[in-house]
Each structure stands twice: as C-alpha cells, then as structure tokens.
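Presented below is the structure to which this report refers.
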Amino acid sequence: MEDVVIKVRENGPYLVTGRVRLIDADGNPYTVQENFVLCRCGGSVLKPFCDGSHRENGFCAEQRATPQE
Ligand code: FES
C-alpha cells in the first residue's frame, strides 16, 4: 500500500496525495486522481473539492499541528 499524505495548505484546501478512495455520504465513490484538493473553507461550489474560492472569500486558518514529544 502506498503512502497517502494530506497536507494542510496555508489558508487553503487540504492537498491529498496518494491512492485513496473518496466516498460521498451515500457510499458512492468520487472519481479522483492521485493528487486533488478538498475544500476547507466551505466556499467551494464544487464541494468536496476546492474550486479556488478560498482566495476570494478571505478564508484564514493558520493552525499548526502540535509537535509530539
Ligand atoms: S478551500 Fe479552496 S474553495 Fe474552499
């Protein structure tokens, strides 16, 4: 199994890299490539995918992961 990475983009979407299945609320699969972006701002008209609206709607999320000790 290949690694899947989900990177939180600065004030933007989640960048998903790797082979994954993305399933809707009814259990139906979306067609996705090995790299795609998921909306985090709530403004996309293409949810669950990012359509770039975060650049226009002032979305700001600067949280960072807490380092593990
Ligand atoms: S994060 Fe890009 S449109 Fe929402």
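For a quick check, take a GNM of the chain with Cα springs below 10 Å and name the residue from ASN28, ASN11, ASN57 with the largest mean-square fluctuation. Looking only at ASN28, ASN11, ASN57, the biggest GNM fluctuation is shown by ASN28.
Shown here for segment 1-68: trypsin sites (Lys or Arg not before Pro) in loop regions (DSSP other than H, G, I, E, B) with at most 15 other Cβ atoms within 10 Å, namely ARG9, ARG19, ARG21, ARG64.
Taking all protein chains in place and a 1.4 Å probe, what share, in percent, of the accessible surface of the chain do carbon and sulfur account for?
48 percent
Highest mobility in the GNM of the chain, judged by mean-square fluctuation with C-alpha springs under 10 Å and restricted to LEU46, LEU15, LEU38, is found for LEU46. Directionally averaged projected area (segment 1-62, Cα convex hull): 4.6 nm². For the chain, the per residue solvent-accessible surface stands at 81 Å², with DNA, RNA and ligands left out and a 1.4 Å probe. Below 12 angstrom from the Cβ of LEU22, what's the summed charge of the other residues (Lys, Arg +1; Asp, Glu -1)? Once positives and negatives cancel, what remains is +1.
The values are calculated or read from the model by the stated rules, or taken from the named source; none is laboratory data. Model, not experiment: these values are computed from the prediction. Note that each Cβ is placed from the backbone with ideal geometry, even for glycine, and that neighbours are counted across all protein chains shown. Side chains are part of the model used for accessible areas, which takes the heavy atoms of the whole protein and leaves out ligands, DNA and RNA. Shrake-Rupley method; radii C 1.70, N 1.55, O 1.52, S 1.80 Å.
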